[in-house]
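**Student:** Please find one structure pasted underneath; my questions will follow.
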Amino acid sequence: MPPADKTCASCGRRIEWRKKWERNWDDVTYCSDACRRRKVSAVDRELESGIRNLLAARPATSTICPSDVVRAMTGDEDEWRALMEPVRRAARRLVAAGEVEITQGGRVVDPSTAKGPIRIRRRRP
Ligand SMILES: [Zn+2]
């Protein structure tokens, strides 16, 4: 049986084991060269905190939109747009960390494959 999947440390998507990683699977941290270059920046960490803070300020059952997180961080339109994908990456990392869930239409979805608008909520027991 192949080893269990991992989560990319940068984008939070699932990394499935591949034969080419047979020898160094333990060292595999990123899903792609792009993610390896990107890593996790200070802004990425700020977005994670932004998600945590916003969720903490709401009732446990409520969901937030990624744009709410970005809007709380910047009023600048261009910056706002530039942070929309990074905030989704941050949400996926928090799913991997067991802190939050990503939903679509009220159902928990797989963060690796979810397309389109998502919402974020605290992980339910
Ligand atoms: Zn990645």
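**Student:** Among the residues in the range 26-37, are any under 20 Å from Arg122 (Cα atoms) and within 16 Å of the ligand (Cβ to nearest atom)? Outline the logic, then answer.
**Tutor:** Step one: filter the range 26-37 for residues under 20 Å from Arg122 (Cα atoms), giving none.
Within the range 26-37, none of the residues are under 20 Å from Arg122 (Cα atoms) and within 16 Å of the ligand (Cβ to nearest atom).
**Student:** In this structure, is Gly12 outside the structural domain of Val108 (by TED's automatic domain parsing) and either within 15 Å of the ligand (Cβ to nearest atom) or not in a helix (DSSP H, G or I) (or both)? Full working, then the answer.
**Tutor:** Working: outside the structural domain of Val108 (by TED's automatic domain parsing): yes; either within 15 Å of the ligand (Cβ to nearest atom) or not in a helix (DSSP H, G or I) (or both): yes.
When the stated conditions are applied, Gly12 passes them.
**Student:** Something else now. Looking at Val69 and the list (1) within 16 Å of the ligand (Cβ to nearest atom); (2) in a helix (DSSP H, G or I), which single condition is not satisfied?
**Tutor:** (1)
**Student:** Does Gly50 satisfy the criteria of being more than 16 Å from the ligand (Cβ to nearest atom) and in a loop (DSSP other than H, G, I, E, B)? Don't jump to the end; show me each part of the working.
**Tutor:** Numbers: more than 16 Å from the ligand (Cβ to nearest atom): yes; in a loop (DSSP other than H, G, I, E, B): no.
Answer is no for this residue.
**Student:** Next question. Taking the range 1-50, which residues are touching a residue at least 24 places away in the same chain (Cβ under 8 Å) and either of a type in the set (Asp, Glu) or farther than 24 Å from Ala82 by Cβ (or both)?
**Tutor:** Arg14, Asp44, Glu46, Glu48
The values are calculated or read from the model by the stated rules, or taken from the named source; none is laboratory data. Note that this is a predicted model, so its numbers are computed, not measured. Because the Cβ atoms are built from the backbone with ideal geometry, glycine has one as well, and the counts that use them run over all protein chains shown.
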